[in-house]
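Structure, as structure tokens:
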Amino acid sequence: MVSPEKGLPDSFDPKTGQNIKWTAKLGTQNHSTPIISRGRVYVGTNNNEPRDPKHQGDRGVFMCFDEKTGELLWQLVVPKRDEDAYMDWPRMGMSSTASVEGDRIYLVDNRGAVVCLDAKGMADGNDGPFRDEAAYMTSPTATDAKPFQQIGAETRPLTLQSPADGKLLQPGPLDADVLWKFDLVAEAGIWPHDAAHSSVLIHGNHLYLNTANGVDNTHKRIRAPGAPTLVVLDKTTGKLMARDDENIAPNVFHNTWASPSLARVNGRELLFFCGGNGMVYAFEPLGQNPPAGEIAKLKKVFQFDFDPTAPKTDVHKFSTNRRESPSNLYGMPVFVDGRLYVAGGGDLWWGKNEAWLKCIDATKTGDITTNGLVWSYPLEKHVMTTAAVYDGMVFIADCGRKFHCVDQETGKPLWTHDVKGEVWASPYVADGKVFLGTRSGDFYVFAAGKEKKVLAELELGTPMSATTTAANGVLYVATMTHLYAVQSGATGK
Ligand SMILES: [Ca+2]
Ligand SMILES: [Ca+2]
């Protein structure tokens, strides 16, 4: 959440074109942060503004734009799950944030499949081993089926079927080239809920990601209690290599949407992970050459109960209880100088109105619930964001419409600011500024300093979920409907 980019503007205006390099039209929702690599910009959205006439109806979409012009180069378009609306929420699109290494892009699609895509798309041919893009992008019904929405129904997640007439859409130059696909639902046994959200961690030969195994449509039952919450895949083949062995799923209050992170702690690499059961874990990363033929279990180094006095048994009876419930963790654990910064609390939709930012000593081992807490700082209502730790300050925003600058050492507030709207996007620090979009459509630029200074408050008019990012002197701001490339001195519209 901290970038070394320089020369980023304090403000911009899509209406006049002030500091706007280009604008790209998205669908009508965006919950995926734009990622820039090798001249391309990657972001997820839905299909409510179809870019390719052959793809009609509600779909998960992941777009690749030209970094210079904002031209759409290709897109991954995937049919929705319509067996149960709660398995792939209507119009949500693809909410995963891409991870890119070389010419390979990793993300999780709206159906819960991890995919590896070719940055060059179909322009250099359909590369494999996966070459079944036609079936993957074709919905079984010509017109969209209305997603099934009977709460308590015993519907199980289904595998995508080919249409009865056997007619498949044919991939063209605007379609994504899938290199491999690993289905977390069919191949790891997870129960999809609401939306698949992961930002894949690439480390050595392996990918680490949260599975988004969650409750069913009653919000009171875990239907895949033995399924993994954290998995490790081979990045070349997509093969499942390892999983957690912590029996996390039964106590997942809603879902596990927090992505893992990794750091070197006292010369030892640790994988940090926030479970949907309110626990923070550290694991040893998988060795580079694990034994073939078996799914390894990740070895735990420590665990920290983020909310030790919260209910630990029969947790789903607290669903919709706004006063007492387990905690959930949405943001990523951030490691800086031996310490972890983790935000969490009651679930935004189903849990209590209580949340905190906690600083944890990441050098300890074992159960560090009682001896690992460095400080705890109360947030308001709920928190969805990942902290940005910069120059002795921790920046975070919450769903109580408050932005916080907290002293990194003491956990005391340096300053706060009342923002309009809930915040789902994480604060992003670059060029001495903090950039923050809100769900009310207001975009803030603060000075990244210990004294409060609001540099800009822009009304973009459309809610934002994505974190702002920057690359090559350009700021990328995604709203529900548009992606703006913002550059000092640009005058485009
Ligand atoms: Ca290709
Ligand atoms: Ca392919």
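Would you mind telling me the share, in percent, of accessible area of the chain contributed by carbon and sulfur at probe 1.4 angstrom?
48 percent
Can you tell which of Ala343, Pro79, Val61 lies farthest toward the positive end of the dipole of the chain, using +1 and -1 charges on the Cβ of basic and acidic side chains (Lys, Arg; Asp, Glu)?
Ala343
Relative contact order of segment 278-357: what whole-number percent is it, with Cα pairs under 8 angstrom and at least 6 residues apart?
Computed over segment 278-357, the figure is 25 percent.
Distance cut-off 19 Å, Cα to Cα: go down the list Lys352/Lys381; Lys220/Lys402; Lys420/Lys452 and report the pairs above it.
Flagged as over cut-off: Lys220/Lys402.
Report, in deg cm²/dmol and to the nearest 500, the calculated mean residue ellipticity at 222 nm for the chain, where each DSSP H run with n ≥ 4 adds -39500 (n - 2.57) and the sum is divided by the residue count.
After summing the helix terms and dividing by the residues of the chain, the value is -500 deg cm²/dmol.
List the pair-distance distribution P(r) of segment 257-371, using every Cα-Cα distance, as the percent of pairs falling in each 5 Å bin from 0 up to the bin containing the longest distance, rounded to whole percents.
Bins of 5 Å from zero give 2, 12, 21, 21, 17, 12, 8, 5, 2, 0 percent of pairs.
Given charges of +1 on the Cβ of Lys and Arg and -1 on the Cβ of Asp and Glu, with all other atoms neutral, how large is the dipole of segment 27-88 about its Cα centre, in debye to the nearest 20?
280 debye
With point charges of +1 on the Cβ of Lys and Arg and -1 on the Cβ of Asp and Glu, referenced to the Cα centre of the chain, which listed residue (Thr462, Ala195, Gly172) lies farthest in the positive direction of the dipole?
My answer, from the dipole projection, is Thr462.
About the Cα centre of segment 1-150, how large is the charge dipole given +1 on each Lys and Arg Cβ and -1 on each Asp and Glu Cβ? Please answer in debye to the nearest 20.
It works out to roughly 260 debye.
In whole Å, how far is the Cα centre of segment 134-193 from that of segment 327-377?
Taking the Cα centre of each part, segment 134-193 and segment 327-377 sit 36 Å apart.
Looking at segment 440-493, which chymotrypsin sites (Phe, Trp or Tyr not before Pro) are DSSP coil and have at most 14 other C-beta atoms within 10 Å of their C-beta?
Within segment 440-493, no chymotrypsin sites (Phe, Trp or Tyr not before Pro) qualify (loop, at most 14 other Cβ atoms within 10 Å).
Per residue, how much accessible area does segment 266-374 show when a 1.4 Å probe rolls over the protein heavy atoms, in square angstrom?
That works out to 42 Å² for each residue.
Could you tell me the relative contact order of the chain? Use alpha-carbon pairs under 8 Å, at least six residues apart, and round to a whole percent.
15 percent
Only four residue types carry charge here, +1 at the Cβ of Lys and Arg and -1 at the Cβ of Asp and Glu. Report the dipole size of the chain about the Cα centre in Debye, rounded to the nearest 20.
That gives the chain a dipole magnitude of about 480 debye.
Considering the options Ser319, Val383, Phe302, tell which one lies farthest towards the positive end of the dipole of segment 301-384, charges being +1 on Lys and Arg and -1 on Asp and Glu at the Cβ, about the Cα centre.
Selected residue: Ser319.
Using only the alpha carbons of segment 68-167, what is the convex hull's orientation-averaged projected area in square nanometres?
Projected over every direction and averaged, the Cα hull of segment 68-167 covers 8.3 nm².
Out of the trypsin sites (Lys or Arg not before Pro) in segment 180-228, which ones are loop residues according to DSSP with at most 15 other C-beta atoms within 10 Å?
Listed in order of number, the matching sites are Arg221.
Want the number for Thr218 to Arg131: 0.36 nm per residue separation, take away the alpha-carbon distance, what's left?
27.6 nm
How fast does the chain diffuse by Stokes-Einstein, in µm²/s, taking the Kirkwood radius from C-alpha pairs at 37 °C and 0.692 mPa s?
144 µm²/s
Quick one: pull the percentage of alpha-carbon pairs in segment 345-493 with a separation above 26 Å.
28 percent
I need to check one value: relative contact order of segment 59-194, counting alpha carbon pairs closer than 8 Å and at least 6 residues apart, in percent.
Relative contact order of segment 59-194: 32 percent.
The values are calculated or read from the model by the stated rules, or taken from the named source; none is laboratory data. As the structure is a prediction and not an experimental result, all values here were calculated from the model. We place every Cβ from the backbone using ideal geometry, glycine too, and count neighbours over all the protein chains shown. Only protein heavy atoms, including side chains, enter the accessible area calculation; ligands, DNA and RNA are left aside. Shrake-Rupley method; radii C 1.70, N 1.55, O 1.52, S 1.80 Å.
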